[in-house]
């Protein structure tokens with residue numbers, strides 16, 4: 001339509017006014033622009049301004065941190081600086097992280113060693129819980145008798161506070177470190193058992209019918225059918241278990257003593273060093289967030305697209 005409007009007959013071209021060439025250039029430009037698809041238009045640079053999606057992703061977290069710092073500063077000012085403000089805490093953190101792995105004796109170690117000691121306890125307790133809880137979840141979800149047998153026991157023991165198991169660990173193992181590992185074990189096992197059993201019970205019956213027709217062994221059913229289908233549920237249980245374990249180890253170390261981030265918090269409280277307690281809170285949060293994010297990425301990599309939402 002644009003070409004039909006601006007094309008003149010041959011006889012009229014000779015006598016056309018001088019500005020007809022400019023009109024033809026405008027028409028050609030319009031035709032060229034209309035021929036370019038929306039993809040080409042998107043490729044056109046929009047200037048140096050950042051996109052709206054970028055600001056929507058960055059601005060809300062910045063506002064949240066700014067609100068936290070503002071409330072923190074107000075609380076510090078309202079308590080007469082008995083709770084150190086952000087600036088004073090930052091100065092203490094800079095001094096603390098100059099050498100986080102120093103050692104001046106068993107009771108005087110850098111914060112890095114305390115974090116590593118806590119992570120080591122979490123790794124051992126969580127590993128033992130995974131070694132027991134995941135196979136138990138498969139068995140409970142696979143066999144109705146075991147589900148009815150252990151279901152009431154799990155419902156009874158799961159709501160018990162993890163720290164209630166700490167005295168039992170001290171009594172049985174006669175040591176603070178194994179008692180803390182025992183507490184991690186008992187609080188980590190329930191999410192893995194429950195989520196794994198739920199995943200097994202939700203496997204489509206058609207899969208099991210095919211396995212029965214093919215006369216597959218129980219091992220092949222577990223490895224070829226159940227494991228791929230249950231993996232997203234199992235990883236969700238693992239993620240919940242790690243989060244719970246990291247929460248519990250801090251409280252357990254406060255009670256048992258020794259080396260660890262929880263013991264360090266309690267020791268700094270005895271020294272009335274509130275700035276170090278605030279720094280420990282942020283360290284605990286950062287480490288917990290890192291563990292959670294790593295497991296979420298692993299779970300996303302092994303989860304089918306239709307189940308991610």
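Computing FRET efficiency as 1/(1 + (r/R0)^6) for residue 290 and residue 98, where r is the C-beta to C-beta distance and R0 is 22 Å, gives about 0.50.
Most exposed first by the Cβ proxy, i.e. fewest other Cβ within 10 Å, how do 111, 160, 203 rank? Each step should come with its number before you reach the end.
Working: 111 21, 160 12, 203 18.
Lowest to highest Cβ neighbour count: 160, 203, 111.
Sorted fewest first by neighbouring Cβ atoms within 10 angstrom, 269, 219, 190 come out as 219, 269, 190.
Here is the P(r) of region 65-156: all C-alpha pair distances, binned every 5 Å from 0, give 3, 10, 11, 10, 9, 10, 10, 8, 9, 10, 8, 3, 0 in whole percents.
Hey, fewest Cβ within 10 Å first, where do 161, 76 land in order? Before the final figure, lay out each step's value.
Working: 161 10, 76 19.
Lowest count first: 161, 76.
Put the Cα centre of region 169-224 next to the Cα centre of region 143-159 and the gap is 12 Å.
Given a cut-off of under 8 Å on Cα pairs at least six residues apart, what relative contact order in percent is computed for region 111-308?
Details: 226 pairs, mean separation 54.7, N = 198.
Worked out over region 111-308, it gives 28 percent.
Using a basic spin-label model with each label point 7 Å from the Cα along Cα→Cβ, how many nm lie between residue 124 and residue 62? For residue 124 paired with residue 62, the spin-label model returns 4.6 nm. Note on region 111-308: percent of Cα-Cα distances in each 10 Å bin, starting at 0 and stopping at the bin with the largest distance, equals 9, 31, 30, 19, 9, 3, 1.
Read-outs: derived from the displayed coordinates by stated rules, not from any lab. Since we're looking at a predicted model, the values are computed, not measured. Because the Cβ atoms are built from the backbone with ideal geometry, glycine has one as well, and the counts that use them run over all protein chains shown.
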